[in-house]
Amino acid sequence: MQTELIYQLALVALYQYRLRQAHALLNQYGSAEAAWEHAEDEKKAAAWERAEQELAFIEKHGIQTWFCTDANYPSRLRECPDRPLMLFGKGNIRHSEGKFVSVVGTRRATERGKELTRRLVLDLAQLCPDVTIVSGLAYGIDVAAHRAALEADLPTLIIPAHGLDRIYPAMHRQVAVDALGNGGILTEYMSGTEAEKMHFVARNRIVAGLADAVVVVESRNHGGSLITAGMASDYNRDLFAFPGRPGDEEYRGCNDLIRLQRATLIDSAADLVHAMGWTPAESTMKANDPSLFTEDESPILAILRSAEEGVHINSLVMETGLDYSEVSAELVMMEMDGKVKALPGGMYRILS
């Protein structure tokens with residue numbers, strides 16, 4: 001029997017919904033064993049029995065665990081005051097390496113929302129291939145983000161609202177299985193835990209806490225993605241949102257986040273990378289470095305120079321025949337070089 005692990009599991013079983021009390025015990029006594037010995041609760045016997053059952057499940061199925069006092073506990077979550085006592089994981093999980101972007105949005109996603117999600121993730125793969133995509137496997141934007149990450153060969157972390165002995169929704173099982181090879185599933189819940197409403201709200205803090213940046217792709221004026229956005233703000237994470245047309249109910253939540261200056265407006269992965277101050281991948285920079293062109297040779301600069309007003313990035317893609325990711329990356333570099341200026345709504349203009 002793994003001595004410290006069984007005490008950790010016992011604390012989780014006893015204090016799953018009383019995190020503040022558990023963290024206070026751990027801060028006072030240091031180890032899980034010492035905290036357990038000083039815990040005074042009539043449910044200790046039942047919690048110990050539950051811990052023994054979970055240990056057997058962990059050993060049988062090769063589950064990874066990270067306790068909140070472990071040195072290898074996710075570094076970003078360690079900063080959060082309401083961090084989970086323990087995380088249970090399955091897959092090829094690297095939870096602290098590289099950059100982390102959480103992508104959230106409505107379960108009732110439109111085709112535009114799904115395509116925005118896919119384009120965001122695919123372009124991030126080109127600009128920053130060390131990015132991990134985090135989401136919750138829900139219908140709509142969540143699963144679109146995971147699928148796009150798998151398509152782009154980016155690691156993706158699924159944060160469910162239940163234990164590792166089930167997948168919800170069941171129709172996304174194959175996405176979860178595919179993610180195990182590059183990323184995986186990470187949860188604070190023991191096996192046997194159902195996907196209940198309160199668990200969905202609680203898991204949103206992990207989606208927010210794991211991230212360097214949280215992106216809301218499509219959201220009405222209520223729902224889980226806005227809860228995640230609020231948690232991201234509480235954790236001082238950078239928050240971004242894609243805008244919608246005025247009066248568009250599907251984007252009212254996004255528009256409100258931007259209007260209230262709680263989220264930064266983005267129209268592309270390049271906007272996100274620029275706002276975060278991340279350096280695009282060297283291969284992308286070389287392929288799209290404006291210094292490789294004279295102003296006469298650069299097709300993008302030529303188009304911008306001939307326009308009286310700004311030009312939308314989609315028009316630049318169509319007129320140059322370049323890939324969207326190539327145009328995005330070149331515009332980022334040109335903006336950094338002071339050659340162009342990004343305008344609201346995906347517009348760009350040349351600087352004299």
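Would you list, by chain and number, the lysines whose Cα falls below 19 Å from the Cα of residue 90, excluding same-chain residues fewer than 8 positions away?
Here the lysines satisfying the reach criterion relative to residue 90 are 60.
Residue 197: which aspartates and glutamates have alpha carbons under 16 Å from its alpha carbon, excluding same-chain residues fewer than 8 sequence positions away?
Correct list for residue 197: 188.
Take every Cα-Cα distance within region 100-219, group them into 5 Å bins from 0 onward, and report for each bin the whole-number percent of pairs it holds.
Reading the bins upward from 0: 2, 13, 24, 27, 21, 10, 3, 1.
For the chain, set up a GNM with springs between Cα atoms under 10 Å and report which of 100, 57, 67 has the largest fluctuation.
Residue with maximal mean-square fluctuation among 100, 57, 67: 57.
Normalising by the residue count of region 28-177, find the relative contact order in percent from Cα pairs under 8 Å and 6+ residues apart. Each step should come with its number before you reach the end.
Numbers: 170 pairs, mean separation 24.6, N = 150.
Averaging sequence separation for qualifying contacts and normalising by length gives 16 percent for region 28-177.
Of 46, 202, 269, which has the largest mean-square fluctuation in a 10 Å C-alpha GNM of the chain?
In the Gaussian network model the winner is 46.
From the square roots a ≥ b ≥ c of the eigenvalues of the alpha-carbon gyration tensor of the chain, which class results: rounded (a/c under 1.5), prolate (a/b over b/c), or oblate? Intermediate results must be reported in sequence, preceding the final value.
Working: a/c = 2.45, a/b = 2.26, b/c = 1.08.
Prolate shape, in that a/c is at least 1.5 and a/b is the bigger ratio.
Using a 10 angstrom cutoff on alpha carbons, build the Gaussian network for the chain and name the most mobile of 94, 166, 245.
Between 94, 166, 245, it is 245 that shows the largest mean-square fluctuation.
If you stretched the chain out fully between residue 323 and residue 196, how much longer would it get, using 0.36 nm times the residue separation minus the C-alpha to C-alpha distance?
Working: separation 127, 0.36 × 127 = 45.72 nm, distance 4.28 nm.
That pair, residue 323 and residue 196, stretches by 41.4 nm at full extension.
So what's the gap between the Cα centers of region 113-132 and region 245-267, to the nearest angstrom?
When both Cα centres are located, 20 Å separates them.
Which of 48, 66 comes first, and how do the rest follow, when ranked by fewest Cβ neighbours within 10 Å? Before the final figure, lay out each step's value.
Working: 48 16, 66 21.
Listing 48, 66 from fewest to most nearby Cβ atoms yields 48, 66.
Each value in this text was obtained by applying a stated rule to the coordinates, not by laboratory testing. Bear in mind that the values here come from a model prediction, so they are computed numbers and not experimental data. For neighbour counting, all protein chains shown are included, and Cβ atoms are generated from backbone atoms with ideal geometry for every residue, glycine included.
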